[in-house]
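A.B. asks: Submitted below is the structure of interest, expressed as structure tokens.
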Amino acid sequence: MPTEQPRKSRHEEIDAIVAAKEGGVTETRDEADKYTVVGAATRATFANWLTPIEEHFVCHRNDVPDADVETWTVSLTGHADGQLSVDELKTNYPRVGVAHTMECAGNGRGQHRPETGSVQWGFEAAGTAFWAGVPVSSVLRTHGVESPDDRWLTAVGGDPSAGDDVFARSIPLSKAFDDCILAYEMNGEQLPEEHGYPVRLVVPGWYGVNNVKWVEELRVMDEMVTEGSLDRPGNHAYWQQEAYRLHPDGVTPAPNESVDTVDTWTQLEGAVEHPYTFDATVMSVIGTPSGDSPVTVPTDETVEVRGVAWAGDDAVERVEISTDGGDSWSDADLFGPEYAGAWRLFRYDWDPEPGTHVLNSRATDELGRRQPARISNPDAWRAALDDDEFPWNAGGYAANAYEPNGVTVEVRRSGDSEPTDRIE
Ligand SMILES: Nc1nc2c(c(=O)[nH]1)N[C@H]1C(S)=C(S)[C@@H](COP(=O)(O)O)O[C@H]1N2
Ligand SMILES: [Mo]
């Protein structure tokens, strides 16, 4: 079932972004010709903590607005009141930085069988950048909103919509006050156009879709966005209430004004009938060895299996590695920077026999939720979770199964009769 509406071609725009990013960028198939998407990551991206801009994926629906930083404003509406220029944002408020692992909610969609519509991402739609800007709480506190209460913050993108759908997403005001920023820098550089210049919302640990680019309005509301709740023309609720929700085939999710929990996994376990993609589910990817070429090691040395693991705004508790295709597991060590909302590095010293091995990583979060083995068949829905499977869903969202992300590696020991390559 197509879960999203058709749009005009974006190929020229994709070409321009690919050209600007230079080298190593793979365009991900956009079967329906809808999205501007660039999957710029390779396995090696996941062997490092900080993702260079050139390796960070891009994903959006409409044209990149031709933004004039001199005239761009962010309107504060609803229970907030005011209007801020980019210059005011930069000079009147504290400048802070946040580390954020951004993952498109459609990452892993391409692992669904049968295929779902839209971009067939593997694991490349994820990256960790350091974003700098203004705390949302600082801006709201000076514009009439002292505390979060139970309200919602709706961010609206200034991207011109090819159809009538305004790009609007709501997050709980408590999350906005907690750690969200209006970012104008990425990895120490001016925010690139395709990542939201001049200003975007960064929601640490939450799926990409919540991180509205080209923000032109922040609306403080009693409920999350529903049809007609914004003071502007167009459809307001498509991106919140219809797209980016998990559901079986043949279902149109009913809109909600609020939900009891925003934790995506808790929703999936049954708390919300058709979950919203808010915080990212627990996930890991091995970065090295990449499997691209045989690994040759001296007989007395081990191979470092290294990668990253994340769990939205929950902490990663544990990462296990299997070197026999999932039959047995050993604990990896977590190391490196530890920021809420950003991934952790893991490493495992592997003492392999010569031959071909299948490597998998499997992470568990601080609430004990562990990556399932595979994506279920389309009929299973929630029951899949009891079988260590992730529920196939019609939009292909939030998939975090480990088997599809495994690496097949050929190991040679120096001194083997095979000719040796360099050590990876
Ligand atoms: N205004 C606007 N913001 C948007 C989008 C969009 O289409 N329009 N796409 C969202 C989606 S689906 C993702 S995954 C992230 C991707 O952010 P990036 O391109 O900086 O990686 O942006 C989000 N913010
Ligand atoms: Mo996305």
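A.B. asks: Indicate the gyration tensor shape class of the range 101-228 (rounded, prolate or oblate), computed on the Cα atoms with a ≥ b ≥ c the square roots of the eigenvalues: a/c under 1.5 is rounded; otherwise a/b larger than b/c is prolate and the rest oblate.
C.D. replies: Prolate is the answer for the range 101-228, as a/c is 1.5 or above and a/b outweighs b/c.
A.B. asks: Can you tell me the relative contact order of the range 283-422? Whole percent, Cα pairs under 8 Å, sequence separation 6 or more.
C.D. replies: On the way: 321 pairs, mean separation 43.3, N = 140.
Relative contact order, the range 283-422: 31 percent.
A.B. asks: Of all DSSP beta bridges located in the range 283-422, what percent are antiparallel, nearest 5? Before the final figure, lay out the partial values.
C.D. replies: Details: 29 of 34 bridges.
Antiparallel bridges make up about 85 percent of those DSSP assigns within the range 283-422.
A.B. asks: Could you tell me whether the chain comes out rounded, prolate or oblate from its Cα gyration tensor? Rule is a ≥ b ≥ c as square roots of the eigenvalues, rounded for a/c under 1.5, then prolate if a/b exceeds b/c, otherwise oblate.
C.D. replies: Details: a/c = 1.81, a/b = 1.59, b/c = 1.14.
It is prolate, given that a/c is not under 1.5 and a/b is the larger ratio.
A.B. asks: Could you work out the Kirkwood radius for the range 283-422, taking every pair of different alpha carbons, averaging 1/r and inverting it, reported in Å?
C.D. replies: Numbers: mean 1/r = 0.0620 Å⁻¹.
It is 16.1 Å.
A.B. asks: Another question, then. How large a share of the accessible area of the range 283-422, in percent, is made up of carbon and sulfur atoms when the probe is 1.4 Å and the other protein chains stay in place?
C.D. replies: Working: 2290 of 5930 Å².
Ligands and nucleic acids excluded, carbon and sulfur give 39 percent.
A.B. asks: Between the range 316-351 and the range 168-237, what is the separation of their alpha carbon centroids in Å?
C.D. replies: Rounded to whole Å, the Cα centres lie 32 Å apart.
A.B. asks: By the scheme Lys and Arg +1, Asp and Glu -1, what is the net charge of all other residues having a beta-carbon under 10 Å from that of Asp331?
C.D. replies: Neighbour charge sum, excluding Asp331 itself: -1.
A.B. asks: Angle check, please: helix 11-21 long axis (alpha carbons) against the longest principal axis of the chain (alpha carbons), in degrees 0 to 90, nearest 10.
C.D. replies: Helix 11-21 and the main axis of the chain meet at about 70 degrees.
A.B. asks: Counting only heavy atoms of the protein chains, get the accessible area per residue of the chain (1.4 Å probe) and round it to a whole Å² value.
C.D. replies: Details: 16410 Å² over 424 residues.
Here the per-residue accessible area is 39 Å².
A.B. asks: Starting from the Cα gyration tensor of the range 40-102, take the square roots of the eigenvalues, sort them a ≥ b ≥ c, and report rounded, prolate or oblate (rounded when a/c is under 1.5, otherwise prolate if a/b is larger than b/c, else oblate).
C.D. replies: Values: a/c = 2.57, a/b = 1.87, b/c = 1.37.
It comes out prolate by the Cα gyration axes.
A.B. asks: Here's another thing I want to ask about it. Residue by residue, what Karplus-based ³J(HN,Hα) values in Hz, rounded to whole numbers, does the range 354-370 have, using 6.51, -1.76 and 1.60 with θ = phi - 60° and x for Gly and Pro?
C.D. replies: x, x, 9, 10, 9, 9, 9, 10, 9, 9, 10, 8, 5, 9, x, 7, 10
The values are calculated or read from the model by the stated rules, or taken from the named source; none is laboratory data. As the structure is a computational prediction, the values presented were derived from the model and not from experiment. Cβ sites come from the backbone with ideal geometry, for glycine too, and all protein chains shown count toward neighbours. What goes into the accessible areas is simple: the full protein's heavy atoms, side chains included, and nothing from ligands, DNA or RNA. Shrake-Rupley method; radii C 1.70, N 1.55, O 1.52, S 1.80 Å.
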